[in-house]
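Comments concern the structure below.
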Amino acid sequence: MVRIHRPRRGSKSYYPKVRARHEKPNFSTKPLQTKAGPLNFYGYKAGMTHCMAKDTYKPSPTFNQEIQVPLTIIEVPEIFVTGIRLHKKTEFGKQTLKDFFIQPEGKEAKYYKTFFNTEKKKNIEEITKEIENLKSQIIEANLIAFTKPFKTGFGKKEPELVEIDLGGKIDEQISKALELVGKDLKANQVFSANEFIDIKAVTKGKGWAGVIKRYGVKIQRQPKAKRGRFIGSVGPWHPATILWTVARPGQLGYFTRTEYNKKIVIMEDNFEKINPGAGFMNYSKIKNSYIAIVGSVAGPSKRLIGLRKPIRQGTIPENTWKISDINSIALNGGQGK
């Protein structure tokens, strides 16, 4: 009899296929960045469009020709840095040592009132003095910030509380944190055009699905098959068990996914040139700064997208094409996919 050899296929990193705990993406790792400054940012997915680019990759069959490049538009309004988070080293790993908050003031303060209690407000001088007393225990300093969805046009008001990692040595992290706390942080202070970044987001949820749609199992079309859209057998009689490798129906979509080395081709404050006449489908018109990323991004429109400095810098490819006609984005934009 012919030997059947079929090792396990697929990645265990995508198992189990369950719904994400939070729609807000959180980064558990950060790149080795020697330069002091923020390492990640957040924005809202508006939709997709395309632009024309010149292919400069010599082995490509379209070398030196105009090609169409798909782009994802992400609106990136500034975020408010409301606090500093200090970490200490313990026997259980890195843990939070202390958090310092500065309450926002002005017209936008009403959007953050649910996050603050009636504690006494702290200023920079008080925070600096307390950090000096804890300096011997600090191993890492990060920023705590509020997103500003109320500045967009798609209707969301309640902000998300996010953590922004800082690069550099510990003294540089503390000084940078004290410099930025209580102020607005913009995307161009973190990233720049023609830079590679990592994307983390929750994919579009599709509810309960069977094995055909969820795993791509072949439909049974034999005459004796009573049901076609099922697997033939879930496992042996002895031992009576079902292995985790067997395709089973369940949740499809709404998974947390990370994509590496996505290129930023455009980062601008002039949002008028990117807005289509009726706005992006299921989103609205962009009212703030935006970035255009090559390719697709996980999640539907309005989804919060996490942007991070590249963690796999050694695998970044060379610049294979260049944007040659920026105006084509405004003429062809706003497909809203």
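To the nearest 10 degrees, how steeply does helix 124-133 sit against the main Cα axis of the chain, on a 0 to 90 scale?
80
Along segment 105-115, what does the Karplus equation 6.51 cos²θ - 1.76 cosθ + 1.60 (θ = phi - 60°) give for ³J(HN,Hα), rounded to whole Hz, x for Gly and Pro?
The phi angles translate into 10, x, 5, 7, 5, 5, 6, 10, 5, 6, 8 Hz.
Lys113 to Asn282: extension gain in nm, 0.36 nm per residue of separation minus the Cα-Cα distance?
Stretched fully, the Lys113-Asn282 segment lengthens by 58.0 nm.
Calculated FRET efficiency, Lys122 and Phe92, Cβ-Cβ r, R0 35 Å, to nearest 0.05?
In this case the efficiency is close to 0.80.
Counting only C-alpha contacts under 8 Å and six or more residues apart, can you give the relative contact order of the chain as a whole percent?
Reported as a whole number, the value is 30 percent.
Run the helix sum for the chain: -39,500 (n - 2.57) per DSSP H stretch of 4+ residues, divided by residue count, reported at 222 nm to the nearest 500 deg cm²/dmol.
Rounded to the nearest 500, the figure is -2500 deg cm²/dmol.
Treat the count of other C-beta atoms within 10 Å as a stand-in for reagent exposure and order Ser192, Ser289 from fewest to most.
Starting with the residue having the fewest Cβ neighbours, the order is Ser192, Ser289.
From the phi of every residue in segment 278-289, what ³J(HN,Hα) in whole Hz does the Karplus formula 6.51 cos²θ - 1.76 cosθ + 1.60 yield, where θ is phi - 60° and glycine or proline is x?
9, x, 6, 4, 6, 10, 2, 7, 6, 10, 9, 5
Can you tell me the alpha carbon radius of gyration of the chain divided by the globular rule-of-thumb value 2.2 N^0.38 Å?
1.20
Just tell me which lysines come within less than 17 Å, Cα to Cα, of Lys122; anything on the same chain fewer than 8 places away is out.
Output for Lys122: Lys98, Lys113, Lys183.
Using Cα atoms only, what is the angle between the long axis of helix 170-180 and the major principal axis of the chain, expressed in degrees (0 to 90) to the nearest 10?
The angle comes out at about 80 degrees.
Can you give the local net charge around Ile291? Use residues other than it whose beta-carbon is closer than 12 angstrom to its beta-carbon, Lys and Arg +1, Asp and Glu -1.
Around Ile291, the charge tally is 0.
Please list the non-local residues whose amide H lies under 5 Å from the amide H of Tyr290, H modeled 1.01 Å from N, same-chain partners needing a gap of 5 or more.
Here Val76, Glu268 satisfy the definition.
The numbers here are math on the coordinates, done by the rules we state, and not lab data. Nothing here was measured: the structure is a model prediction, and the numbers come from that model. FYI the Cβ positions are ideal-geometry reconstructions off the backbone, even for glycines, and counts take in every protein chain you see.
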